[in-house]
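The values are calculated or read from the model by the stated rules, or taken from the named source; none is laboratory data. Just so it is clear, the model here is predicted, and its values are computed rather than measured. Methodologically, a virtual Cβ is constructed for each residue, glycine included, from the backbone with ideal geometry; neighbour enumeration extends over all protein chains shown. Each accessible area value is taken on the protein alone, full model and side chains, heavy atoms only, with ligands, DNA and RNA left out. Shrake-Rupley method; radii C 1.70, N 1.55, O 1.52, S 1.80 Å.
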Amino acid sequence: MKTYIGKIHVKWCNNCNIPLLGRICEVCGSEAKEVKLTPPGDPRLGFQYDIDFINKVIEEEFGAKNVLNGKIILLNKLPGNEEAYEVIVDGEVKYILYFDENKEKWKIKLKLSGARDLMEKGAYKKIVKIKNDIVDILKNRKGSILKPGIVEFTNDIEEKDDVIILDENNRVVGVGLSVVSSEKIKEMEKGKVVKVRFFIKSDNENENYKPKKIYNNLEEAFNIMVKANKGVIESYEKNAIGFIKNTYKKLKKPVMVAFSGGKDSLATLILTLKALGKNIDVVFIDTGLEFEETLKNVEDVEKYYNIKIIRLKGEDFWEKVREYGIPSRDNRWCSKICKLEPLKKFIEENYKDDVLAFVGIRKYESFSRAKKRMIYRNTYIKKQINALPIYHWSSLHVWIYLLKEKAPYNKLYEKGFDRIGCFICPAMEMGEMDKIKKEFPELWVKWENILKEFAKKNNLGEEWIKKGLWRWKYKMVN
Ligand SMILES: [Zn+2]
């Protein structure tokens, strides 16, 4: 079932090869083209880290080098259990990047246009060449490729790999999923080798293939993207500032901004400063599980905007974890103890009456967030009235705004992290944890030691840690 939270905002200028929020490119005047995405569709902007990372995954699998260089990419997280992203490049989904939990690595699913790019960039791995008369049969109905239809194949194919399908003239005619490994194909005389994912419908599909504009570097592409969306983003800014001013006028309460070190709260902070000036309280809650980058960002933001950010700290997580046990999706004591409690205490002590908090919640973040109103009273902290100035913004609106403002955003975003918060959280997925393990090994070890201690005491075994079962309290024993 497809569920929509709201309109998907992402469009594309095929001429400048950049994403657009509005209907017209403000650089070249071209009409924006729709980008077909899987809903809810709140793709994030890829940074050079993401480009390098996906380039590496592609090169390892298919041998093609630097496929995404000089292009803006967007990553659209797919709903479901597996961690997977649609990779949008040249205005369309060309690849799906997913974390294979069995092989414990990131892999690629191909679309036809992605496969064409790979061949263009010298792909030489995971290729199956088929007879031209088989191409004609498969054109109008997808199906499977059987051993007798195969002319050649590379010797690096493993079971369940995505493969590029070529005809005898080396043209891309399809992409598919291997059913067996190269070793097996050699031994087979008949039977299924590849299950087709996508196949050409006509011969001119390959003739229509034209490579799109490539920039010298990502910074240059980002500059054009900001220019091409200037008017649209300024009208969003104007609306948000108007909302903040009106809400303040109506409620006449002291104002607070909860800054988390993330992009959404940074945009909210900038807008609130523009609307109301510096006579506001800016609060940061240090959970004790913050990345260095986030703590540094709090300092950077203070300096850049010449403001003071109040740091709140709750009880020590590392002490409490021994008392309450490992936090899990069904037992998130950490959020209450380390986050909500210190804020509640601060609000109780500092405001006689209510406080008006501008918060960077966006409806596209999740289905539960899509049900919120733009102004509402916090259920846990009764004195706190939340107001959401960027409620209708997509992730791309926020990024274009921050780039336009040259705002000091958290450097973690340039390391491939999209969710800024505690470095470890039961809400995390396996791929995210894999990233922590690789990028921040010392933080991972600190956490793993706690897990090991807990596992030993409760006889939980290695799988409980390795398979990430600790994220559910009741999934401990099999
Ligand atoms: Zn353009």
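A compact table of results
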| quantity | calculated |
| --- | --- |
| Residue tally, condition touching a strand residue (DSSP E or B) at 6+ places or on another chain (Cβ under 8 Å) and either over 19 Å from TYR124 (Cβ atoms) or not in a strand (DSSP E or B) (or both), over the range 166-192 | 11 |
| Considering residues of the range 459-478 that are open to solvent by less than 80 Å² (accessible area, probe 1.4 Å), in contact with a helix residue (DSSP H, G or I) (Cβ under 9 Å, 6 or more places away or on another chain) and not in a helix (DSSP H, G or I) only, the residue modelled with the lowest pLDDT | MET476 |
| Residue in the range 150-157 that is polar (S, T, N, Q), open to solvent by less than 90 Å² (accessible area, probe 1.4 Å), free of Cβ contacts under 8 Å to residues at least 40 places away in the same chain and touching a Lys or Arg at 6+ places or on another chain (Cβ under 6 Å) present | yes |
| When residues of the range 81-92 are limited to those that are over 13 Å from ILE54 (Cβ atoms) and either among the hydroxyl-bearing types (Ser, Thr, Tyr) or more than 14 Å from the chain's Cα centre (by Cα) (or both), the one surrounded by the most Cβ atoms within 10 Å (Cβ to Cβ) | GLY91 |
| Of all residues in the range 23-43 being in a loop (DSSP other than H, G, I, E, B) and within 11 Å of the ligand (Cβ to nearest atom), the one that is surrounded by the fewest Cβ atoms within 10 Å (Cβ to Cβ) | GLY29 |
| Residues that are farther than 14 Å from TYR413 by Cα and among the hydrophobic types (A, V, I, L, M, F, W, C), drawn from the range 283-294 | VAL283, PHE284, ILE285, LEU289 |
| Evaluation of ASP281 against (1) within 16 Å of the ligand (Cβ to nearest atom); (2) acidic (Asp, Glu); (3) over 27 Å from GLY46 (Cβ atoms) (one fails), failing number | (1) |
| Residue that is nearest to the ligand (Cβ to nearest atom) [pool: residues in the range 1-21 that are open to solvent by less than 50 Å² (accessible area, probe 1.4 Å) and at pLDDT below 95] | VAL10 |
| Qualifying residue in the range 371-384 (condition: open to solvent by 10 Å² or more (accessible area, probe 1.4 Å), under 21 Å from TYR236 (Cβ atoms) and not basic (Lys, Arg)) | yes |
